[in-house]
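Structure, as structure tokens:
The values are calculated or read from the model by the stated rules, or taken from the named source; none is laboratory data. Just so we're clear, the structure is a prediction, and the values are computed from it rather than from any experiment. Here the Cβ is made from the backbone with ideal geometry for all residues, glycine too, and neighbour counts use every protein chain on show. Remember, those area values only see protein heavy atoms, side chains included, never the ligands or the DNA or RNA. Shrake-Rupley method; radii C 1.70, N 1.55, O 1.52, S 1.80 Å.
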Amino acid sequence: NISLQASNPGQFEHDSDVLWQRGAAPETIAYHGHVGINTDAPDEALVVCGNAKVMGRVMHPSDSRAKQNIREVDTNEQLRRITQMRLVEYDYKPEFASVMGIKDT
């Protein structure tokens, strides 16, 4: 079971402002919008500013069942393309690293 409670119960002005709802599958919840953890300005469906611990797998389905026209490639041609790539090294700006909790910039 998942329970959500606002830190300030009067925080939501109208019940219609609450976008969390019970999900279609049992024991799930849904939110239609962006969710931010340790940020109040998420620009993606989920933005976590800080470390995330996953006790399981992060799934990125990508197998032959989802693809078509699978074929071998010319490895010499692929290596030639790699040599044309622009590779860079960089350091994070201190103000960004500080906000994001990055120690090794």
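Checking residue 59 against (1) open to solvent by 100 Å² or more (accessible area, probe 1.4 Å); (2) at pLDDT 90 or above, which single condition isn't satisfied?
It is condition (2) that residue 59 fails.
Scan the range 17-68 residue by residue and report those that are hydrophobic (A, V, I, L, M, F, W, C) and either in contact (Cβ under 8 Å) with a residue 40 or more places away in the chain or part of a loop (DSSP other than H, G, I, E, B) (or both).
So in the range 17-68, the residues hydrophobic (A, V, I, L, M, F, W, C) come out as 18-20, 24-25, 29-30, 35, 37, 41, 45-49, 52, 54-55, 58-59, 66.
Residues satisfying the conditions are 18, 19, 24, 25, 41, 45, 49, 52, 54, 55, 58, 59.
For the structure I just gave you, tell me whether residue 86 is modelled with pLDDT of 85 or more, open to solvent by 100 Å² or more (accessible area, probe 1.4 Å) and assigned to a loop (DSSP other than H, G, I, E, B).
Yes; evaluated as a whole, the condition is true for this residue.
Name every residue in the range 62-83 that is open to solvent by 100 Å² or more (accessible area, probe 1.4 Å) and aliphatic (A, V, I, L, M), in order of residue number.
70, 79
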